[in-house]
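A short worksheet on the structure shown next.
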Amino acid sequence: MSEKTKEEIESDNDQLKEALGAFGSLDDSKLDALKKKIESKKMNRLDQSIKIGVIGVGQAGSRVAETFYKKGYSSCVINTSKQDLEFISVEEDRKLLLDGSLGGTGKDLDLGREIFDDSVSQIEEFLYPTINNQDMAYLCVSGGGGTGSSSVDTMISVLFGMGLPIGVIYILPKQTDDAKSKSNSIETLSRLAQMATENKISSLIVVDNAKIEQIYADLSQSKFWDVSNDAIVDPLVKFNSLTSKASRHTSLDPSDFAKIVSCGDCSIYGVIETSNIDEETGLAEAVIESLQDNMLAEGFDVSQTRVGGVIICADSKTLDEMPAININYCFHMISEQTKGASIFQGVYDDESCEGKVRIYTWFAGLGLPMKRIDTLKKESKALQDLQREKESSRGSQMSIDMGKDNTTKTTDEINRKIKKKTSSFGKLQRGKRTSSLIDKRRRR
């Protein structure tokens, strides 16, 4: 007997519901609860080398956590703004709104830190269902806002105290973001780097919205965030999923992946797709292009890589026909670019590639992206200088030159008030607010 289609199953369910209705109406809330249990079981069966619980803080971090959630990961979100939580598609009990402001932090890191410091017990209790029975926790935050950036000290401390290895997905601001966003991002990255040095963070993945803007420059604003969030999440999910599976070619096993995500310091990753599979050096050339154009952050020196991973995916027909030398050139080029780092390799059948080859790369153990940081500093300073210039010119922009100096203006104002009080009109006006002469005489 052939398997039923999704439409046939839904039709059967509707007929069953209608038949059961004859014996009494069905409780929709109970049906929803059953559906959630089914979805939960599906999530528990998700192919993962490492079971990861994901926490998104702030608007951007919550969107990334939401993308993980849609891919089956145990996820929750935290914010100081009720509006920013409203359209995040995770279960309501996986949303936490922290009180302490009008709504949001206005990019004020001190305000945000106070709110998180005052909410430690509440946060610990909230996180437990998401990270319970997980192998690792990933915190997703953006450096440009206020809530996400200001949360990192408290969140890392709480997660570290729960005993799980901690990864961070840290998002740098867009090219068009303001001076405060860029300044906040540098300060927060500095704090995260210190925590990585102290071995509180096992994996600090840096992605850059400015770079993602370049990669997906042709997308409309409405599509950009969904595509960019998927681009941030997909490489990690692919590595975690494929390394849990056997390969008839070369496997990158779970222990290999664990070494990548526990290497420490900074990590970057990316994916490139190529159809240039006939030339011997086609895949190698694609990798060179990927290192220059398709990694999700720039300013890193990949020669600093201590541990890395490369996964090549193609449909079975393509892999069966592709000469081994093509793949060997690719792996050799990566080894050369990383100066002989430990690079774990995997080759997997993926029928969705449809005649193309996808190459996923992950480089770990890197230093900070100093070139990008220097650019952010310069951009932030230039914008701050403009802001200071505007502030300094406020006085001249909000005053009218009456042709008098300050001393003359003060003297004229005093004389004007005295004259006004002694005028007949002034006496009549003041008479409305004081007792009349007749009243005073009666009180005598």
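Things to note:
- Restricted to segment 95-111, and to residues there that are surrounded by fewer than 17 Cβ atoms within 10 Å (Cβ to Cβ) and aliphatic (A, V, I, L, M), the residue that is nearest to T154 (Cα to Cα) is L97.
- Any hit, segment 307-323, residues being over 20 Å from L252 (Cα atoms) and touching a Lys or Arg at 6+ places or on another chain (Cβ under 6 Å): no
- Yes/no for I232 being out of contact with any strand residue (DSSP E or B) (no Cβ under 7 Å at 6 or more places or on another chain), assigned to a helix (DSSP H, G or I) and surrounded by 22 or more Cβ atoms within 10 Å (Cβ to Cβ): no
- Scanning segment 204-219 for residues that are over 15 Å from the mean Cα position of the chain (by Cα) and surrounded by 15 or more Cβ atoms within 10 Å (Cβ to Cβ) turns up I215, L219.
- Subset of segment 231-255 that is under 25 Å from L192 (Cβ atoms) and of a type in the set (D, E, K, R) - its residue that is nearest to the chain's Cα centre (by Cα): D234
- Selected residue (criterion: modelled with the highest pLDDT) from residues of segment 87-130 that are of a type in the set (F, W, Y) and out of contact with any Leu (no Cβ under 9 Å at 6 or more places or on another chain): Y128
- Scanning segment 205-248 for residues that are in contact (Cβ under 8 Å) with a residue 40 or more places away in the chain and among the aromatic types (F, W, Y) returns W225, F239.
- Screening segment 153-168 for residues that are in contact (Cβ under 8 Å) with a residue 60 or more places away in the chain and in a helix (DSSP H, G or I) and picking the one that is farthest from V64 (Cα to Cα) gives L159.
Results for (1) touching a residue at least 24 places away in the same chain (Cβ under 8 Å); (2) assigned to a helix (DSSP H, G or I); (3) not acidic (D, E), shown as yes or no for each residue.
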| position | (1), (2), (3) |
| --- | --- |
| A297 | yes, no, yes |
| I311 | yes, no, yes |
| L319 | yes, yes, yes |
| I325 | yes, yes, yes |
| C330 | yes, yes, yes |
| E336 | no, yes, no |
| I343 | yes, no, yes |
| Y348 | yes, no, yes |
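- The single residue among E285, E279, E273 that is more than 18 Å from H332 (Cα to Cα) and acidic (D, E) turns out to be E273.
- In summary, S121 fulfils each of the numbered conditions (1) farther than 27 Å from L376 by Cβ; (2) of a type in the set (S, T, Y); (3) touching a Gly at 6+ places or on another chain (Cβ under 6 Å) with the single exception of condition (3).
- Residue check, L189 aliphatic (A, V, I, L, M), surrounded by fewer than 22 Cβ atoms within 10 Å (Cβ to Cβ) and either in a helix (DSSP H, G or I) or in contact (Cβ under 8 Å) with a residue 12 or more places away in the chain (or both): no
- Positions within segment 63-94 being crowded, with 24+ Cβ neighbours inside 10 Å, in contact (Cβ under 8 Å) with a residue 60 or more places away in the chain and under 18 Å from T154 (Cβ atoms), in sequence order: A65, I78, N79, T80
- Considering only residues in segment 272-295 that are without any contact (Cβ under 8 Å) to a residue 40 or more places away in the chain and in a helix (DSSP H, G or I), the one that is nearest to K371 (Cα to Cα) turns out to be Q292.
- For segment 95-106, the condition of being free of Cβ contacts under 8 Å to residues at least 60 places away in the same chain, in contact with a strand residue (DSSP E or B) (Cβ under 7 Å, 6 or more places away or on another chain) and over 16 Å from V54 (Cα atoms) holds for at least one residue.
The values are calculated or read from the model by the stated rules, or taken from the named source; none is laboratory data. Please read these numbers as outputs of a predicted model, since none were measured by experiment. Quick reminder, even Gly has a Cβ in these numbers, built from the backbone with ideal geometry, and neighbours come from all protein chains shown.
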